[in-house]
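Chemist: Dropping a structure here in structure tokens format, bear with me for questions.
The values are calculated or read from the model by the stated rules, or taken from the named source; none is laboratory data. Predicted, not measured: the structure shown is a model, and the values here were computed from it. Here the Cβ is made from the backbone with ideal geometry for all residues, glycine too, and neighbour counts use every protein chain on show. Each accessible area value is taken on the protein alone, full model and side chains, heavy atoms only, with ligands, DNA and RNA left out. Shrake-Rupley method; radii C 1.70, N 1.55, O 1.52, S 1.80 Å.
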Amino acid sequence: MRVPPLTTRRVPPEALEVIILAAGRGSRLGRLGADTPKWLLDIGGATIADRQLAGIEAAAGHVPGGLGSVRVVTGHASAAIRAFAAARPDHDL
């Protein structure tokens, strides 16, 4: 069975939004996720957030015209994630 593409029309790059899901509690991480949201955990010298944002920046260079905004879906510990985003004026979070 051949699956048809979702769309055949070109989408302007500014309409391409990146959605990051950062709403989980990280309960399976035990003590690691007790005080820090999973998205903000330091893994090998960089947070998961930093790693994802770097990947998005790298990918944007391959999209003609770049990408639109980056949206972060929060839930648990949203205040910490908002503070992280506020401290990153170089990103449109």
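Chemist: Could you check how much of the accessible area of region 38-87 is carbon and sulfur, as a whole percent, using a 1.4 Å probe? Please list the in-between numbers first.
Modeler: Values: 1670 of 2790 Å².
Ligands and nucleic acids excluded, carbon and sulfur give 60 percent.
Chemist: Rounding to the nearest 20 debye, state how big the charge dipole of region 11-93 is about its Cα centre with +1 on each Lys and Arg Cβ and -1 on each Asp and Glu Cβ. The partial results should precede the final answer.
Modeler: Values: 8 positive and 8 negative charges, 94 e Å.
Roughly 460 debye, rounded to the nearest 20.
Chemist: Counting other Cβ atoms within 10 Å, which GluC sites (Glu not before Pro) in region 12-72 have at most 11 and lie in a DSSP loop? Intermediate results must be reported in sequence, preceding the final value.
Modeler: Details: sites: Glu14, Glu17, Glu57; in loops: Glu17.
Filter output for region 12-72: Glu17.
Chemist: Evaluate the distance, in nm, between pseudo-label points positioned 7 Å from the Cα of Leu32 and of Glu17 along their respective Cα→Cβ axes.
Modeler: About 3.0 nm separates the two model spin labels.
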